[in-house]
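Worksheet for the structure shown next.
The values are calculated or read from the model by the stated rules, or taken from the named source; none is laboratory data. Computed from a predicted structure; not experimentally measured. Using ideal geometry, Cβ is built from the backbone for each residue, glycine included, and neighbour counts are taken over all protein chains shown.
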Amino acid sequence: MKFTVIRENLSNALNVVSKAVNQRSPLPILSNILIKTEKGMVQLFASDLQMSISARVGAKIDEPGEITVPAKILIEFVNQVNSDKIDFSLSGSVLKLSTDKVNAKLTGIPASEFPVMDRPDKGYEVTLPSELFSKAIQKIQYVVAVDEGRPVLTGIYFKISKNELVIAGTDGYRMAEYSMGLQASPLGIKEDEVVSCVVPAKAFSENIKAFAGKASDITFTIFPENNVVTLKADDYEAQIRLIDGEYPDYISVVPSDFTTTVTIDSNEFSNGIKLASIFARDIGNMIKLVIKDGVIESISQPSESGSNVTKMSADLEGEDISIAFNAKYLLDFVSNQNSSGEIIFKTSDPLKPVLFSINGEENYFVGGKKVPGFKRYFHLIMPMKSSW
């Protein structure tokens, strides 16, 4: 194997595929990256058996070949070396890297030992603008559980039908759903067919974030028979194994009747929550939203450190009410909205779930053009029981 590649292009690709490298695996091959030449391109592969990522980089190929080499050393060398191009040549199991001033050697493991991802056949495919897909995942991924006690709650839930894609997440205390209409029916899906799956949130969101900057569109495909999903963006592809288990019926806990509705500027709401949370950090992070006599206040629980009351301007409809929240949940919500508009929240009881949404977000702008099809986004938070 012998080829020459532009260093910057190689560095970008390595940084993406490195997300699938497992440095702690008892299998040495999983801490390596597979390098393979093919028709004027260098292909890079990494896998931790639960996720595989591949990338293609244009190169001048003099001799074909393949080898796996330690990912950490390769990435650090490519990122650090000061040169526009790097020459690679393989001699036995030793990969030589050279520039006009630097030479290095990496001892590899034969490519035949590397677990290259299979190519599933039958799937259900949706292609979305990468900016839209990335920001939809951002609105969901932060609510999923991090505790492995219930593995299915550490994943993002997807449901595809002919005209709609639904993305949801929950940790049992809060949940969010983003539903969008599709301009074209997913490939492979029948008229009345519904396909759903649960994908590891961390792996999926990291790949979406990395791929979003590489292409204008991302193709998302579910392969139920193979128990995997794939993401494709031009020369990048990821394959992620699904989480087994039945996702909870989160829709059943969404209230349908409300007695109080509040519409408030998101920046004012965020500031009020942040001020109250300063005094609540050491006492369970509990704060209250008090809606009374046409005024809304964010209040921290009195403690030895002090207390805080912030009045906020808002449009109020309905009954007075006082609700206690975990301040972190409210701050997570407002900081992941990509919006400086208005927040609407609805409630009916201090101990029932509170429904949050963004006012007027019925269409989405990508590249300055309006993309129709956005149908619904909401966020649900369970209140805390308060004795003050």
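S83 falls short on exactly one of the conditions (1) under 30 Å from Y329 (Cβ atoms); (2) surrounded by fewer than 17 Cβ atoms within 10 Å (Cβ to Cβ), and that condition is (1). When segment 148-179 is limited to residues that are touching a Leu at 6+ places or on another chain (Cβ under 7 Å) and surrounded by fewer than 16 Cβ atoms within 10 Å (Cβ to Cβ), the one that is modelled with the highest pLDDT turns out to be G172.
Among the strands (runs of 3 or more DSSP E) confined to segment 93-206, the ones with at least 1 residues that are touching a Phe, Trp or Tyr at 6+ places or on another chain (Cβ under 6 Å) and touching a residue at least 40 places away in the same chain (Cβ under 8 Å) are located at 124-129, 155-160, 164-170, 174-181, 195-200. Residues of segment 118-131 that are surrounded by 20 or more Cβ atoms within 10 Å (Cβ to Cβ) and over 17 Å from C197 (Cβ atoms): S130 alone. Exactly one residue among L128, L97, L90 is assigned by TED's automatic domain parsing to the domain that holds T170 and in contact with a strand residue (DSSP E or B) (Cβ under 8 Å, 6 or more places away or on another chain), and that residue is L128. Here S270 clears all of (1) under 30 Å from P120 (Cα atoms); (2) in a helix (DSSP H, G or I) except the condition numbered (1).
Given the structure, is D235 in contact (Cβ under 8 Å) with a residue 24 or more places away in the chain, touching a helix residue (DSSP H, G or I) at 6+ places or on another chain (Cβ under 9 Å) and acidic (D, E)? When the stated conditions are applied, D235 passes them.
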